Every structure is written in C-alpha cells, then in structure tokens.
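Trainee: Before we start, here is the structure in question, set down as structure tokens.
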Amino acid sequence: MRPLFRYLLPALPALLVAGCASTTEVETRYTDGGSHPPQDSLLLVAHTPEGNIRETWELTCKDIFSSDSLTVLLSHQELPLWYEGGKESILDWAQENDVDRILVVELTHMLIDAAAPPTVGNQLNPMGQFAGDVKPTWQVGIGGELAEDEEPTALRQHGAELINADGKPLWTGIATTHEASNAVAIAKSQCSALRRTLREQALVP
C-alpha cells in the first residue's frame, strides 16, 4: 500500500483544486447584428450600492480583461459617485474620455445566502435600475425576458450588458455562477467567462 500512497499524495492538491474549481455559464440574450470592431479601452462597472463589492469585483476583473491591446478602466476610480448620477453620468464620462465600450454587471446582493436562490425582486437588467428606480423585473437588456415562473435555481445569476458610449446595447446576457460566498472567487469566475464570450463575439480584443 505504501507505494500507492506515494504516487497519490503528490496529486491530491491538484485534485482538490479541480474539485473546487468554479464555473460560470454565460447565456447570450441579445447581440447587435452590426459590425462593432473591438476598441482599445473598456470601462468596467459593477452595479451595486455596496462599495466594497464594487471595488473588489472591478479590481479582480481588471486583471482578467487587461491585455496589450485593451486598457481597462474602473468605475470606482474614474466615477466614484456614478451610482448617484445614474446611467447618464457614465455615458457623459465615456464620451468625454473617448471610451466606447462599457461593461455593466448587476451585482446587488451578490453575496446572498447559498440556501436562498435569487428571487424575483433581484434586478437582472444592469442599466435598467439606477438611483431611486427599484422595479422588480426579470427583463434583461433588450434581448428578452425571463418570466417569473422561470425563477432560476442556480446559486447566483447576474445580468450583464456591454454598451457603447451612446448607451446602445451591443450585447446582453446572464452569467450563472456556482461559487461559494467569496467576492474574489465569484469575480474571477464571472469575468473569465464574460471575457471569453465577448471575445467570441469579437466585441473585445
């Protein structure tokens, strides 16, 4: 038995990591049919009133999206108070700074109890809910709706939307993440999947 354990023990850490690996599935709900060549800058926007979650998510995702051909900017650094100004404050800033790609992900209540799946009150349309505008709805972007009787059973489900500086949606979707209550792990899982999806759509480099 001793030789067998000698071979198995070195592999245990890798097996444990693989067993705990997180996964996020991204479902595309809408893609603009026009030609939108990737731009060289992207603004990441975590839509949540929780400042610590916003900062953690954006900083974590910056490392995932950044490349030699893409400069990633973070809303909590560029527009610390955008949440109060709403969508227009983001678009005004993007136009003034020649940023033509904005990725918004709805993260309100991201660290919900694992035993409590998202409810109909969790807004999945990231750009459809801003300061003072709280309306329970499953509508995601302009690509479709998730009816109330289709309440998701996944641990976490968040709406995502890629828009240009004029506010026009280029892509909308839903990221479904199976992950423990850890903001960094959730962000890594979500943004890795979102980047892969957006690159397949030729929307980011």
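Trainee: Calculate, for the stretch 24-90, the solvent-accessible area per residue in square angstrom, rolling a 1.4 angstrom probe over the heavy atoms of the protein chains.
Mentor: Each residue of the stretch 24-90 exposes 48 Å² on average to a 1.4 Å probe.
Trainee: Figure the gain on full extension for residue 88 and residue 199 (residue separation times 0.36 nm, minus the Cα-Cα span) and round it to one decimal in nm.
Mentor: 37.3 nm
Trainee: Oh, and also: Could you pull out every residue, at least 5 positions away or on a different chain, whose amide H is within less than 5 Å of the one on residue 171? Hs are placed 1.01 Å off N in the peptide plane, and Pro or chain starts have none.
Mentor: Here the answer is 32, 162, since their amide H atoms fall under 5 Å of that of residue 171.
The values are calculated or read from the model by the stated rules, or taken from the named source; none is laboratory data. Just so you know, these numbers come straight off a predicted model, no measurement behind them. Please note that ligands, DNA and RNA were not included when accessible areas were found on the heavy atoms of the full protein model with its side chains. Shrake-Rupley method; radii C 1.70, N 1.55, O 1.52, S 1.80 Å.
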